[in-house]
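Everything below concerns the one structure shown next.
The values are calculated or read from the model by the stated rules, or taken from the named source; none is laboratory data. Remember, it's a predicted structure, so these values are computed and weren't measured experimentally. Heads up, the Cβs are rebuilt from the backbone with ideal geometry, glycines too, and the neighbour counts pull from every protein chain shown.
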Amino acid sequence: MSLKESNMLPLGTKAPDFILLDTVSGMMKSLDHVRGEKATVIVFSCNHCPFVIHVNQTMIDVANDYVEQGVKFVVISSNDVENYKEDSPDKMSIVAKVLRYPFPYLYDETQDVAKSYDAACTPDIYLFDEELKLYYRGRLDQARPGNDHPVNGSDIRSAIDYVLAGEDAPEKQYPSAGCNIKWKVG
């Protein structure tokens, strides 16, 4: 496991469009299909990363807590599945069903979407406002496997509350940290 931090895409960046396979429904989904009315959270994730596993339930809880307020989450895996078979679309579907993901779990086979978002790690979290402009990027909270900080989603919850209230983006934004995205070689 290689620890990697977010690249911190500039605030105000327009969310790059995509059309990706939803591993649960088997349907192709675009950004317009999955975006929220008030805000959209896009998370680059995977099945096997210990950092993702550590925060997965909290991410689910946060998504459930805000869906009624017009905030939607979408999770994307861009990992190389030839070398990381546990991140294959069939296994993604199983994880999403077992954990009862309340959001689409999309597969970025070409890795072009991860590159367009300048994603670097799992989890890598982006919050876009209602105009799909980047409002927040970084961590869910300060919890990591092995530290004593509670997994509560405090950073993303605060950012979502700010965007819903129409306030300026939080000045202090900390990068997420986790496993590096498993890029294809060659």
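Please work out if residue 45 is surrounded by fewer than 20 Cβ atoms within 10 Å (Cβ to Cβ), modelled with pLDDT of 95 or more and polar (S, T, N, Q). No: the conditions fail for residue 45. Only one of the numbered conditions (1) surrounded by fewer than 22 Cβ atoms within 10 Å (Cβ to Cβ); (2) out of contact with any Gly (no Cβ under 9 Å at 6 or more places or on another chain); (3) not charged (D, E, K, R) is not met by residue 77, and that is (1).
The number of residues in the range 169-186 that are free of Cβ contacts under 8 Å to residues at least 60 places away in the same chain and either buried (at least 17 other Cβ atoms within 10 Å of the Cβ) or in contact with a strand residue (DSSP E or B) (Cβ under 9 Å, 6 or more places away or on another chain) (or both) comes to 2.
Criterion first (over 12 Å from the mean Cα position of the chain (by Cα), at pLDDT below 95 and closer than 17 Å to residue 63 by Cβ) does residue 151 satisfy it?
Numbers: over 12 Å from the mean Cα position of the chain (by Cα): yes; at pLDDT below 95: yes; closer than 17 Å to residue 63 by Cβ: yes.
Yes, satisfied.
Among the residues of the range 93-123, those that are more than 13 Å from residue 79 (Cβ to Cβ) and small (Gly, Ala, Ser) comprise 93, 96, 116. Exactly one residue among 53, 42 is β-branched (Val, Ile, Thr) and closer than 21 Å to residue 21 by Cα, and that residue is 42. Criterion first (modelled with pLDDT under 95, among the β-branched types (Val, Ile, Thr) and either crowded, with 21+ Cβ neighbours inside 10 Å or on the phi < 0 side of the Ramachandran plot (or both)) does residue 113 satisfy it? No, not satisfied. Across the range 1-25, the qualifying residues are those that are part of a strand (DSSP E or B) and loosely packed, with under 12 Cβ neighbours inside 10 Å, and the one among them that is modelled with the lowest pLDDT is 3. Of the residues making up the range 26-37, just one is surrounded by 16 or more Cβ atoms within 10 Å (Cβ to Cβ) and either touching a Gly at 6+ places or on another chain (Cβ under 8 Å) or of a type in the set (Gly, Ala, Ser) (or both), namely 36.
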